[in-house]
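A short worksheet on the structure shown next.
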Amino acid sequence: MKLPPFEVHRPSSLHNASRLLRDMGSEAVPINGGTELLLAMKLGLAQYAHLVDLKRIPELRGVRRVGSGLAVGAGMTHRELESSRSIAEAVAEMPRMLAEIANVRVRSVGTIGGNLCFADPHSDPATFLSAIEATLVLGDGSTSRRVPVDEFFLGAYETKLEPGELLVEVTVPAVPTGTGAAHVRMKVHERPTVTVAAKVMVERDTIVRARLVVGSVCGTPVLPQAIDKLIGAPRAAWSERVREVAALSAAAVAPVADAEGSSRYKQALVEVFVRRALDAALSNAQGMTR
């Protein structure tokens, strides 16, 4: 496989990068790690005359505290975030999720922003960050706006980014006391076949809030409404309610059949992994309350 010819531009500021992308229009694309983009270009699935390299832009780097949560630069690699003490302290499950992405070579080069903006349906970060209610900051160096992760994806490989706009940072809320988060997945090759993430809040052995996201089986992450059946469940009813939510969630999801399995097979996987994610989140929530 050979890359088609292209020109690389290396702006030093967010404003300049945005201007270049606007001026060159559909012939240009931003790149940071390039783990997915360059492969797509080698395979002939995408072609651009200009690559706008974002590695020199300081606004896309770093992890800083924002209230009880964190603002994570979109240019941070998966490996950097996986090793971050700040991330581990705020959201203990996040480094474990990041450690499962592809392989160490990809994690050392690929970035959190690149993963989200490429909008591959098979994404661990998209599923997990949606479950913990992370927010994305989109901007062009002059203006910015915030978009919840679960509203960012319009379809497979499609996002809400406007021409010249870049993902600047990911705002990651801390997981508070009494709340447990979990991320489970299965993969056949490098990309996950199914990903499920959950967040559950428990007060006095009663579930008071819950959020569930199913990813990697459809064009975008799915938030099954069946999760509402967990709200108000006392400790004695958790197992029964989890099984009910898992079955209803699987029935409501319409997985895309591909080389990794039929729609029916993936529905069966969804039921199993929803149950595992909710059980793990509840266990983590109980650990937070002790």
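All of the numbers you see were taken from the coordinates with simple rules; none came from a lab. The structure presented is a predicted model; accordingly, all values stated were derived computationally and were not measured. A quick note on method: Cβ atoms are made from the backbone with ideal geometry, for glycine too, and the neighbour counts reach across all protein chains shown.
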In a Gaussian network model over the chain where Cα atoms closer than 10 Å are linked, find which of Gly180, Gly219, Gly155 has the largest mean-square fluctuation. Gly155
Karplus ³J(HN,Hα) for region 185-197 (6.51 cos²θ - 1.76 cosθ + 1.60, θ = phi - 60°; Hz, whole; x = Gly/Pro) runs 6, 9, 9, 9, 10, 6, 8, x, 7, 8, 10, 9, 10
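Would you kindly work out the equivalent ellipsoid of region 141-290 from its C-alpha gyration tensor and give its semi-axes, the square roots of five times the eigenvalues, largest first in whole Å? Each step should come with its number before you reach the end.
Numbers: eigenvalues 151, 101, 30 Å².
Those come to 28, 22, 12 Å.
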Tilt relative to the chain, helix 238-252 - C-alpha long axis, 0 to 90 degrees, to 10: 50 degrees
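Using only alpha carbon pairs under 8 Å that are at least six residues apart, calculate the relative contact order of the chain and give it in whole percent. Walk me through the numbers on the way to the answer.
Numbers: 633 pairs, mean separation 45.4, N = 290.
Computed value for the chain: 16 percent relative contact order.
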Angle between the chain longest axis and helix 263-289 axis [Cα atoms, degrees, rounded to 10]: 70 degrees
Reachable lysines, given that their alpha-carbon falls under 24 Å from the alpha-carbon of Lys266 and they are not under 8 places away in the same chain: Lys187, Lys199, Lys229
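What is the fewest-to-most order of Met41, Met97 by other Cβ atoms lying within 10 Å of their Cβ?
Details: Met41 21, Met97 26.
By the 10 Å Cβ count, ascending, the order reads Met41, Met97.
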If neighbour count is taken as other Cβ atoms inside 10 Å, put Leu282, Leu3, Leu14, Leu248 in order from fewest to most. Leu3, Leu248, Leu14, Leu282
Could you please rank Phe152, Phe128, placing first whichever residue has the fewest other Cβ atoms within 10 Å of its Cβ? Phe152, Phe128
So what does the Cα-only Debye profile of the chain read at q = 0.08, 0.14 Å⁻¹, as log10 I(q)/I(0), no solvent term? -0.35, -1.01
